[in-house]
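Taking it in order: structure first as structure tokens, then the write-up.
The values are calculated or read from the model by the stated rules, or taken from the named source; none is laboratory data. Keep in mind the model is a prediction, meaning the values are calculated, not measured. Ideal geometry is used to build each Cβ from the backbone, glycine not excepted, and the neighbour counts take in all protein chains shown. What goes into the accessible areas is simple: the full protein's heavy atoms, side chains included, and nothing from ligands, DNA or RNA. Shrake-Rupley method; radii C 1.70, N 1.55, O 1.52, S 1.80 Å.
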Amino acid sequence: LDATGTLPRPNGVFGVAIQPNAIGNIIGGTNPGDRNVISGNTSFGIIIAGGSNSVLGNFIGTNAAGTAAVANTGAGVVIQEAANNIVGGSTATTRNIISGNGTGAVISGTAAINNQLLGNYIGTDVSGNNAVANSVGVAVQAGANNNTIGGSVTGAGNVISGNANSGISIVDNTSSGNAVQANFIGLNAAGTALGNGAGVIIDNALNNTIGGNTAAVRNIISGNIGSGATISGVGATGNTLRGNFIGTNTTGTAAIANGGFGVAVTANASNNTIGGDSTIGDRNVISGNSSGGVIINAGATGNLVRGNFIGVGTDGTTAVGNSAPGVLIDSSNNAIGGTAPGLANIIANNAIAGVTVNSGTGNSIQSNSIFANTGIGIDLGNNGATANDAGDADTGANNLQNTPVLTTATASAGSVTVVGTYNSTPSANFTLQFFSNNPPGTQGQTFIASIPVTTDAAGNAAFNQTFPAAVTAGQLITATAIDATGNTSEFSTQQVPVVVPLGSITGIKFNDADGNGTQAAGELGVSGVTVFLDTNNDG
């Protein structure tokens, strides 16, 4: 910069370069007078090729006031094939403002290991509340491994917001083991929307973790123009997205929508996990987003969506619906929920269906709590309820798996007995799952239990099963069917109300007006009344 701190006077390449084998150097410091303003350079503001160096308290890519861009044409900070460097810190005095550059910060190369980027404002002005955009906030690339963006210590999270394209991009099929923790991605420092073009993008990278299983490492990924988090590409496998708030405010109680989906898994990305199966801390709240909660499409297979709140707040009941289906699947062999404890998602209050399988087969949808969505709970083919066909020979989304046909549901103390039939592929094994819910009956709010059934040579199976379950008269029982390869049906369309059998009446009932225990003249009685259990509900 020039002496006024406002106009570029570029150095020909870098502002500051730490060469290989240069170790333990400090750029900046914790006192205001230590601050460098490193801006306006032809290429990078800072490039670090040595190890164990620190970058503290600087303005990188802005004017001297930290209020407007004076761009380094390349990146603000580049860590190139170097390990154990720290950019920023957990206090305001160590915070760098890295804004207005081509890319804010780049961590690159297979030797770029165990670097930390923490407590910085990346894409904002010095207040953290107004945009001074980089093109990309943070890029991790070219095999960089085991680096941390943010951290678990109080104050370690970065504000990565206001950037023109993605907030964070992790790319290349050798970039692995990187952690993104406790950041605001699309919110300003005050917690209001300051969107990036997209939140987090994992492109062909593997085994990276966004978030974690404690509140201390939770990212808030909200307010972005595109999707909150995208996992994309055939090399994108083994990544985990857990414990985050995606599309909500910082408390997870109200919407600050991402303009796209909350989470998008696409372009042949495989075997990634959204949520988890160990603790409630793995749960993402994926709510309030403009294009839906989660989409899995374009050849993405083997992905797991487990233990999340999709369309509700952190309490599991407050409506924070996504403005499209809670989950949209346009691929094969993915799992939404599961049978072990802790795997079920709550999918509620979303526009259209709870879960839509637009195309693809082998998608398992098990044990979830699906209720209060605008459309039906599970929609195969994105066309509303699908009628059963004899022998289930039709094809389509999840093979248009037939639904169970329920006849009666009878409650007694602490249990419910469900009677019905199932018709599908002859001589095949299926799992039927039963749910209770309040009307209407095309969803399933409370999972009751599962049973196995085997169809006969004509494709038929009957069931008469008693489950321990607390249900009440007037609730509805619904059911789904799942074949051996995971194809899950819609919820049964029959609205089968729970009934409670009446007790018997003995003797003569009368109005004992004088209280003497015997029927006197004028104390009219009723006799000859037959009480029965109307099991087929025909009156």
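Looking at residue 68, is it out of contact with any Gly (no Cβ under 6 Å at 6 or more places or on another chain) and at pLDDT 95 or above? Step through it out loud before you land on a result.
Details: out of contact with any Gly (no Cβ under 6 Å at 6 or more places or on another chain): yes; at pLDDT 95 or above: yes.
Taking the combined requirement at face value, the residue satisfies it.
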Can you name the condition, by its number, that residue 66 falls short on among (1) in a loop (DSSP other than H, G, I, E, B); (2) over 27 Å from residue 196 (Cα atoms)? (2)
Starting from the range 287-315, keep only residues that are under 14 Å from residue 229 (Cα atoms), then list their pairs with residues that are among the aromatic types (Phe, Trp, Tyr) and in a loop (DSSP other than H, G, I, E, B) whose Cβ atoms are within a distance under 9 Å, requiring at least 6 positions of separation or different chains. 289/261; 290/261; 291/261; 292/261; 293/261; 294/261; 295/261
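Considering only residues that are outside any loop (DSSP other than H, G, I, E, B) and either loosely packed, with under 11 Cβ neighbours inside 10 Å or among the charged types (D, E, K, R) (or both), look in the range 1-36 and name the one that is farthest from the chain's Cα centre (by Cα). Steps first, please.
As a first pass, look at the range 1-36 and keep what is outside any loop (DSSP other than H, G, I, E, B): 16-18, 26-28, 32-34.
Still in the running and either loosely packed, with under 11 Cβ neighbours inside 10 Å or among the charged types (D, E, K, R) (or both): 32-34.
Details: 32: 41, 33: 44, 34: 42 Å.
By that ranking, first place goes to 33.
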Scan (1) at pLDDT below 95; (2) open to solvent by 60 Å² or more (accessible area, probe 1.4 Å); (3) within 24 Å of the chain's Cα centre (by Cα) for the single condition residue 442 breaks and write down its number. (2)
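Looking at this structure, is residue 92 within 16 Å of residue 59 (Cα to Cα), among the small types (Gly, Ala, Ser) and open to solvent by 20 Å² or more (accessible area, probe 1.4 Å)? Spell out the reasoning first.
Details: within 16 Å of residue 59 (Cα to Cα): yes; among the small types (Gly, Ala, Ser): yes; open to solvent by 20 Å² or more (accessible area, probe 1.4 Å): yes.
Considered against the rule, which asks whether it is within 16 Å of residue 59 (Cα to Cα), among the small types (Gly, Ala, Ser) and open to solvent by 20 Å² or more (accessible area, probe 1.4 Å), residue 92 comes out as yes.
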Just the residues that are open to solvent by less than 20 Å² (accessible area, probe 1.4 Å) and assigned to a strand (DSSP E or B), please, taken from the range 148-168. 149, 150, 159, 160, 166, 167, 168
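Just a yes or no: is a residue in the range 132-145 touching a Phe, Trp or Tyr at 6+ places or on another chain (Cβ under 7 Å) and assigned to a loop (DSSP other than H, G, I, E, B)?
So far as the range 132-145 goes, no, none of its residues is touching a Phe, Trp or Tyr at 6+ places or on another chain (Cβ under 7 Å) and assigned to a loop (DSSP other than H, G, I, E, B).
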Filter the range 451-473 down to the residues that are under 11 Å from residue 411 (Cα atoms), open to solvent by 40 Å² or more (accessible area, probe 1.4 Å) and among the small types (Gly, Ala, Ser) and list them by number. 470, 473
Which residue out of 72, 84 is over 34 Å from the mean Cα position of the chain (by Cα), in a loop (DSSP other than H, G, I, E, B) and within 26 Å of residue 175 (Cα to Cα)? 72
Filtered residues of the range 244-257 (kept if surrounded by fewer than 20 Cβ atoms within 10 Å (Cβ to Cβ) and within 17 Å of residue 216 (Cα to Cα)): 250, 251
Any hit, the range 226-243, residues being touching a helix residue (DSSP H, G or I) at 6+ places or on another chain (Cβ under 6 Å) and crowded, with 20+ Cβ neighbours inside 10 Å: yes
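Quick check on this structure: which one of 136, 140, 77 is modelled with pLDDT of 95 or more, open to solvent by 10 Å² or more (accessible area, probe 1.4 Å) and closer than 16 Å to residue 158 by Cβ?
None of the other options fit; the residue is 136.
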If the Cβ limit is 7 Å and pairs must be 6+ apart or interchain, which residue in the range 431-448 that is β-branched (Val, Ile, Thr) pairs with which residue that is not in a strand (DSSP E or B)? 442/376; 442/377; 442/385; 442/491; 442/493; 448/469
For the subset of the range 482-495 comprising residues that are surrounded by fewer than 24 Cβ atoms within 10 Å (Cβ to Cβ) and under 30 Å from the mean Cα position of the chain (by Cα), which member is farthest from residue 365 (Cα to Cα)? 493
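Could you tell me whether residue 171 is without any contact (Cβ under 8 Å) to a residue 40 or more places away in the chain, open to solvent by 40 Å² or more (accessible area, probe 1.4 Å) and either more than 21 Å from residue 74 (Cβ to Cβ) or of a type in the set (Val, Ile, Thr) (or both)? Show your work before the answer.
Working: without any contact (Cβ under 8 Å) to a residue 40 or more places away in the chain: yes; open to solvent by 40 Å² or more (accessible area, probe 1.4 Å): yes; either more than 21 Å from residue 74 (Cβ to Cβ) or of a type in the set (Val, Ile, Thr) (or both): yes.
Here the answer is yes, as residue 171 does meet what is asked.
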In the range 334-359, which residues are within 15 Å of residue 274 (Cα to Cα) and part of a loop (DSSP other than H, G, I, E, B)? 334, 338, 342, 343, 344, 345
Among the residues of the range 258-277 satisfying the criterion of being surrounded by 24 or more Cβ atoms within 10 Å (Cβ to Cβ) and small (Gly, Ala, Ser), which is farthest from residue 296 (Cα to Cα)? 276
Every residue in the range 102-131 that is under 13 Å from residue 61 (Cβ atoms), open to solvent by 10 Å² or more (accessible area, probe 1.4 Å) and either part of a loop (DSSP other than H, G, I, E, B) or free of Cβ contacts under 8 Å to residues at least 24 places away in the same chain (or both), please. 102, 125, 126
Does residue 291 satisfy being closer than 12 Å to residue 222 by Cα and among the hydroxyl-bearing types (Ser, Thr, Tyr)? no
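I need the full set of residues from the range 187-230 which are assigned to a strand (DSSP E or B), closer than 15 Å to residue 158 by Cβ and among the hydrophobic types (A, V, I, L, M, F, W, C), in order please. Even if it seems obvious, please write down each step before you answer.
Going through the range 187-230, the residues assigned to a strand (DSSP E or B) turn out to be 187, 193, 198-203, 206, 209-211, 220-221, 229-230.
Applying the additional criterion that residues be closer than 15 Å to residue 158 by Cβ yields 187, 199-200, 210-211, 220-221.
The answer is 187, 200, 210, 220, 221.
Restricting the search to the range 184-193, which residues are open to solvent by less than 30 Å² (accessible area, probe 1.4 Å) and either aliphatic (A, V, I, L, M) or touching a Leu at 6+ places or on another chain (Cβ under 9 Å) (or both)? I'd like the intermediate steps shown before the answer.
Within the range 184-193, the first condition is being open to solvent by less than 30 Å² (accessible area, probe 1.4 Å), and the residues that meet it are 185-188, 191.
Listed by number, the residues that qualify are 185, 186, 187, 188.
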